[in-house]
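Note sheet for the following structure.
The values are calculated or read from the model by the stated rules, or taken from the named source; none is laboratory data. None of these values were measured; they are calculated from a predicted model. Cβ placement follows ideal geometry from the backbone for every residue including glycine, while neighbour counts extend to all protein chains displayed.
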Amino acid sequence: MASQDAATDPTPYAGLTPERVLDAVESLGLRVDGRLLALNSYENRVYQVGLEDAAPVIAKFYRAGRWTDAQILEEHAFALALADAELPVVPPLAHAGRTLHRFQNLRLSLAPRQGGRAPELNDHQVLQRLGLLLGRLHNVGALAPFRHRPAMTICDFGEAAGAYLLDAGWIPPELEPAYRSVLAQALAEVRACFARAGAIAELRLHGDCHAGNILWTDAGGHFVDLDDARTGPAIQDLWMLLAGNREEMTVQLDAVLAGYRDFRDFDPRELHLLEALRTLRLIHYAAWLGRRWQDPAFPAAFPWFDEPRFWQDQVLALREQIAAMQEGPLPLLSRY
């Protein structure tokens, strides 16, 4: 587990120079050739590292204090179980029988390089193939529980995240009354959606299954980055594949479920959670930016976060989510 000092360090990557990245990989007995490419990642730091006489590897350096060693190893075990079941995931590589390594005060893992592009989510055949893969992924996820990684809860993703934003003073004073009011109403609607859904089965999930975490090739898709893997309802891995208006999402959902149900049943009560989970992500994402703001990478990448316009848009987005939750779940098309 990371030390308390590391857990509270607002700039945990200040000393992660290119030389240190290469030294960390070489400490595992690999011979680097000096080629280094920083990949798009903010929560952790991820690099493509060239090796002598071998294909490049992807080195992932974990943010101190976010996950314990046990939680990271549980993510690795899940990825390896998915790979053993012939799911197209990118699992960690083992060196000396271990997948999680230490170099000085850093924790890192290695993975094979996997090429690909973002999937075309407006293509219904792509959505059907992704649904098929997620049905298989959830079959593996249902075989055993996570024991160390957390569950997705209204408290963590909504109530605690919203309270942090208000207590930390991120909301401009002139917008705070409106934000506080719309946040309270949105969370009340989220709780109502969960109540309408009732007791829903939970399982191990990818957790953050958006287009950026899927690499598409002519052979199909590969899931990457299980860093947000946690316990939750199956719909959490499905809803981020949907976009547009209600009618468009209904057709997209039909395509996803056409593949999903080839391998796994889907409980239609989970549709009550779709817009509730979108609402929780909206609140949680803003809190994530606030909590990471002292990391220099965040102001550079998200300069609009501390501007009034962003919070005006947040108030509007939450109002739209309230209306969407009150409208009820998406319908299932006739064949379901």
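Return the residues of the range 253-273 that are more than 18 Å from T231 (Cβ to Cβ), assigned to a helix (DSSP H, G or I) and either outside the structural domain of T231 (by TED's automatic domain parsing) or of a type outside the set (S, T, Y) (or both); say none if nothing qualifies.
L253, D254, A255, V256, L257, A258, G259, P268, L271, H272
Which of the residues belonging to the range 27-68 are assigned to a loop (DSSP other than H, G, I, E, B) and either within 16 Å of the chain's Cα centre (by Cα) or among the polar types (S, T, N, Q) (or both)?
Just the residues of the range 27-68 that are assigned to a loop (DSSP other than H, G, I, E, B), to begin with: 27-31, 39-44, 52-53, 62-68.
Of everything in the range 27-68, those that are assigned to a loop (DSSP other than H, G, I, E, B) and either within 16 Å of the chain's Cα centre (by Cα) or among the polar types (S, T, N, Q) (or both) turn out to be S27, N40, S41, Y42, E43, N44, Y62, R63, R66, W67, T68.
Could you run through the range 101-120 and say how many residues are of a type in the set (A, V, I, L, M) and surrounded by fewer than 18 Cβ atoms within 10 Å (Cβ to Cβ)? Let's see the steps before the verdict.
Initially, the range 101-120 is screened for residues of a type in the set (A, V, I, L, M), giving 106, 108, 110-111, 118.
Next, from what is left, pick out any that are surrounded by fewer than 18 Cβ atoms within 10 Å (Cβ to Cβ): 118.
Here the count works out to 1.
Listed here are the residues, each with its yes/no results for (1) under 30 Å from A258 (Cα atoms); (2) touching an Asp or Glu at 6+ places or on another chain (Cβ under 8 Å); (3) modelled with pLDDT of 95 or more.
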| residue | (1), (2), (3) |
| --- | --- |
| A64 | no, yes, no |
| T99 | no, no, yes |
| Q128 | yes, no, yes |
| T153 | yes, no, yes |
| P172 | no, no, yes |
